[in-house]
Amino acid sequence: MSKARTALGPSSAEQKRWQAKDDVRTLMRADEIKRDSGRMNRAKKAASQQAREAARVAGKIGKR
């Protein structure tokens, strides 16, 4: 069976296969980060900073 392609790109089945493989890579990287305490602490700190910045922006949007 040949891989079906549309004028817009890969078929839905191909997209789902690619997404599954990409998800595995993401999960593997997450596990790698979780096992490295220094890296995990830096990620938590960056996430907190990003959350504060998002809250600040959201507050400005709400005041319009």
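The values are calculated or read from the model by the stated rules, or taken from the named source; none is laboratory data. The structure presented is a predicted model; accordingly, all values stated were derived computationally and were not measured. Cβ: placed from backbone, ideal geometry, glycine included. Neighbour counts: every protein chain shown.
With respect to the stated conditions, S2 fails to be exposed (fewer than 10 other Cβ atoms within 10 Å of the Cβ) and modelled with pLDDT of 95 or more. Name the pairs: first residue in segment 45-64 and under 24 Å from K34 (Cα atoms), second residue modelled with pLDDT of 95 or more, Cβ to Cβ under 6 Å, at least 6 apart or on different chains? Qualifying pairs under 6 Å: none.
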